[in-house]
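Derivation of every value follows stated rules applied to the coordinates shown; laboratory data play no part. Note that the structure is predicted; figures quoted are calculated from it, not measured. Note: ideal-geometry Cβ built from the backbone for every residue, glycine included; neighbour counts use all protein chains shown.
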């Protein structure tokens with residue numbers, strides 16, 4: 001077994017038992033380290049009421065390679081994922097148009113259920129990789145110098161907090177104000193680790209503690225749009241109500257609806273629009289009118305009663321983009337996944353990038369003969385650039401998906417890309433394909449696209465010059481003919 | 001007395017007793033509100049050992065207007081400030097060149113001592129405006145809904161914290177890791193306020209608590225360079241060792257030295273260079289060699305022994321730029337000064353912008369018939385754009401001061417600006433002048449400069465076209481002459 005620092009077995013504390021935390025636990029467990037995973041929520045496998053930030057996700061090549069690394073690709077992708085080969089665009093007039101993700105090699109992305117994925121990863125971590133899990137452990141503080149961690153038990157928080165909101169009710173989507181007033185009877189749990197892995201999501205406590213150290217660059221940016229999840233039930237004969245091999249999109253310029261298929265033949269439908277627009281819809285008839293005008297076909301499938309119930313049950317959620325660096329504190333701590341680079345969901349890469357973090361970190365730690373500190377430094381030198389790149393791409397796709405995707409310029413560019421990709425599949429990889437179906441550095445995907453844009457401009461210029469040449473030739477001939485006739 | 005919301009007297013809690021907090025306290029006190037000012041350090045008037053982030057500062061027009069609003073301009077500026085009319089550039093060859101700040105109207109900026117300013121403002125707040133001050137009160141939490149504030153007393157923190165660093169030793173320049181483990185005997189102090197004003201600096205606790213609320217955009221960016229303060233003593237006959245009416249600069253491309261005069265005829269000298277470069281100088285002879293090569297004239301004035309002692313006494317400090325929005329939480333809280341917009345120090349506007357916040361907030365709260373909430377919303381809608389603008393300008397000046405300022409293109413542009421400013425003083429205000437000597441919105445200063453750049457380009461183009469016209473005319477004449485001769 002090749003462990004870090006010449007086979008040294010580390011005591012690893014993973015903070016966060018979501019998708020990225022539990023996969024990371026598998027990786028460290030597989031290498032023979034002693035892994036303790038701390039999660040502040042209840043065990044999702046026992047908690048019927050758990051409500052995540054989104055019900056299903058699009059798994060693509062980067063995520064699959066990372067799952068394969070701990071032997072979970074087949075189990076989770078082939079057996080559980082629902083393939084989606086194209087975007088299916090729904091226009092306002094009811095017409096539809098499929099735009100394949102990869103018309104050349106026919107690759108697909110997979111709709112996977114967050115809950116199933118999370119449960120499987122936790123099972124695997126415990127059963128196959130000997131990971132010790134601790135639920136309802138809220139990280140409070142870290143002493144980065146001596147590797148001490150401090151947790152609070154929620155029973156105490158819920159029962160003892162003298163006033164104010166219930167921390168746990170708030171915390172699935174948003175952590176609420178800090179709780180720093182701990183009464184005497186509060187239960188404090190201490191732990192000790194060689195390495196602390198912060199996989200505690202967009203509102204990461206590990207990152208927050210790191211951000212108070214010198215020279216930590218950080219930004220969090222909310223976008224104007226929020227989202228709200230709705231659903232389309234299976235048909236009466238228990239089939240999908242729409243063709244299932246697509247990611248359905250209703251692009252409407254300043255807002256949009258998307259739908260991803262679930263294992264139980266239902267669809268999770270997500271409405272993205274500005275917080276202001278969400279606030280402006282306060283009554284059932286307003287809501288129905290809005291859907292009748294903009295999404296008449298979707299409305300039929302959702303059903304009016306279900307729409308009204310789901311829409312008014314929860315507030316819309318907000319969307320956050322986080323960039324920071326460095327990702328490590330010496331050889332003591334590292335952040336991965338949303339904790340390091342939360343992004344808006346429009347490129348379907350949030351989970352994939354987080355899973356790729358696990359893969360790359362494992363590789364750096366174990367395959368290059370690096371010390372623990374050097375491996376973390378290397379991760380922190382190379383990964384932020386790529387994370388920032390995919391955050392930017394996701395922000396760009398925020399416009400593309402709801403607006404550009406329905407425009408003819410976008411479709412023409414897509415066709416041109418496809419043509420060139422067909423002609424030179426190893427040289428001309430369109431942006432979406434390099435991001436979704438390759439392991440190319442995200443930053444390389446962007447510089448690649450910039451080169452392609454330049455090349456296209458040159459081609460267009462050459463074509464224009466060529467065209468002009470023809471025009472001139474024809475014109476000269478005409479002149480000559482005219483002169484010939486005249487003379 | 002015109003109070004907010006039709007004369008309602010507010011209970012105002014100011015967090016932070018630095019320059020901006022104590023000025024803001026004066027403003028609120030002047031309007032008849034009940035003001036409580038909480039500061040986590042010791043009272044600077046009693047603490048001989050207090051060491052601020054920088055010893056002296058450049059006060060300019062915006063700051064002066066704000067001081068005038070509470071009757072302190074004369075006392076602090078005319079009686080205590082040292083006027084600086086120009087930058088004095090020191091070249092490597094020992095030559096010097098003065099570049100006036102305002103060659104047209106001969107306006108100046110003032111070097112003021114942070115400590116004296118802070119002490120005067122605190123005295124004024126207590127004596128003239130009935131402000132109640134509380135020192136060694138560390139803000140721990142805020143309940144924004146009911147306006148409750150929680151503080152800890154440092155005696156307890158220093159004596160009771162079970163392990164780890166001394167919070168107060170660290171906290172002048174950098175707050176250190178969060179202390180959330182409070183032993184049973186910790187003293188907790190509660191307070192209540194209608195309005196909470198966060199003026200608690202670049203590492204603001206108020207902002208940190210606000211940043212965990214939804215839709216709060218935030219970024220903190222450290223630059224590559226740090227700084228370290230040195231000093232030049234008075235001469236033996238107790239005079240300034242250099243001409244005092246200048247801000248002296250030794251621009252050296254990737255690093256620089258600056259010096260501002262103090263009341264006691266000494267100079268505060270600040271060395272700015274990359275953290276890496278700071279780290280690379282570990283021995284006295286290295287340091288002396290570095291100064292002999294780059295700042296021979298300054299070295300003579302500082303003295304070798306003093307340089308070595310000061311340089312190795314403290315670590316270099318880091319420089320941080322903070323942008324965020326919104327600045328308010330409903331009608332309950334607002335952040336001002338560095339808490340809202342810490343910036344790198346290269347435009348000399350950090351304190352001035354913070355003082356301007358006090359002035360503008362007071363104006364919005366009391367002169368426009370707005371409700372408290374509407375006034376704070378208005379502040380939060382208009383101020384961040386301008387704060388972001390000055391943060392960006394300061395970042396730009398980070399390059400200008402250490403590099404561009406010594407280049408001939410910069411000096412030519414400066415001359416051209418001066419010429420046009422002289423010709424049309426109300427229409428062509430150079431960027432530095434609008435920032436430093438006017439109350440123009442910072443964002444307007446930038447757009448103004450962009451317009452000027454465009455106009456200059458057009459002028460240059462016109463000149464070029466004119467020049468080309470002359471060339472062509474001459475050329476045609478030559479041709480004609482030639483042809484005339486030939487024919």
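Of note:
- Dimensions of chain A based on its C-alpha atoms, expressed as ranges along the principal axes with the largest first, amount to 109, 60, 42 Å.
- Over segment A:81-158, relative contact order from alpha-carbon pairs under 8 Å, at least 6 apart, %: 19 percent
- Quotient of C-alpha Rg and 2.2 N^0.38 Å, computed over segment A:407-486: 1.68
- Here r is the Cβ-Cβ distance between residue A:481 and residue A:460 and R0 is 30 Å; the resulting FRET efficiency, rounded to 0.05, is 0.45.
- Paramagnetic label zone (point 7 Å from Cα along Cα-to-C-beta, residue B:130; backbone N under 18 Å) in segment B:9-37: B:9-14, B:24-37
- In nanometres and ascending order, the distances from the residue B:150 label point to those of the other copies are 1.3 (point 7 Å from Cα along Cα→Cβ).
- Measuring r between the beta carbons of residue B:453 and residue A:447 and using R0 = 30 Å, the FRET efficiency lands at 0.55.
- Gain on full stretching of the segment that runs from residue A:95 to residue A:473 - 0.36 nm per residue minus C-alpha separation: 131.6 nm
- Whole-number percent relative contact order across chain B, with pairs defined as alpha carbons under 8 Å at least 6 apart: 19 percent
- Between residue A:374 and residue A:312, the modelled label-to-label distance comes to 6.4 nm, taking each label 7 Å out from Cα in the direction of the beta carbon.
- In this simple spin-label model, placing a label point 7 Å from the Cα along the Cα-to-Cβ direction at both residue B:104 and residue B:79 gives a separation of 3.4 nm.
- Burial ranking of peptide ranges A:453-459, A:103-109 (average Cβ count within 10 Å, highest at the top): A:103-109, A:453-459
- Shortest-first distances to equivalent copies, position residue A:238, nm, label 7 Å out along Cβ: 9.9
- If R0 equals 22 Å, the separation of the Cβ atoms of residue B:115 and residue B:305 corresponds to a calculated FRET efficiency of about 0.30.
- Each residue of segment A:221-317 gets 107 Å³ once the volume of the Cα convex hull is shared out per residue.
- Label point distance in nm, residue A:363-residue B:189, each placed 7 Å from Cα along Cα→Cβ: 5.5 nm
- Summary of packing: across the peptides B:77-85, A:465-473, the per-residue average of other C-beta atoms within 10 Å ranks them, highest first, as B:77-85, A:465-473.
- Chain B comes nearest to the axis taking it onto chain A at the Cβ of one residue; that residue and its distance, in whole Å, are B:219, 2.
- Computed from the Cα positions only, the extents of the protein assembly as shown along the three principal axes stand at 111, 98, 68 Å, in decreasing order.
- Counting other Cβ atoms within 10 Å as a rough exposure proxy, the listed residues A:41, A:407 run A:407, A:41 from fewest neighbours to most.
- Counting Cβ atoms of other protein chains within 10 Å of each residue's Cβ and taking the mean over peptide B:369-382 gives 0.
- Structure-based [θ]222 nm, chain A - -39500 (n - 2.57) summed over DSSP H runs of at least 4, per residue, nearest 500: -13500 deg cm²/dmol
- Segment B:40-119 shape via C-alpha gyration tensor axes, a/c threshold 1.5: oblate
- Other-copy label distances relative to residue B:409, 7 angstrom Cα-Cβ extension, nm: 3.2
- Stretching residue A:144 away from residue A:47 to a fully extended chain increases their span by 31.7 nm, per 0.36 nm per residue minus the current alpha-carbon distance.
- Average partner coverage of B:219-225, which counts Cβ from other chains inside 10 Å: 4
- Separation between Cα centres of segment B:227-243 and segment A:364-381, rounded to whole Å: 49 Å
- Cβ neighbours within 10 Å from other chains - mean over B:203-216: 3
- Going by neighbour counts of Cβ atoms within 10 Å, the residues A:382, B:422, B:133 line up, fewest first, as B:422, A:382, B:133.
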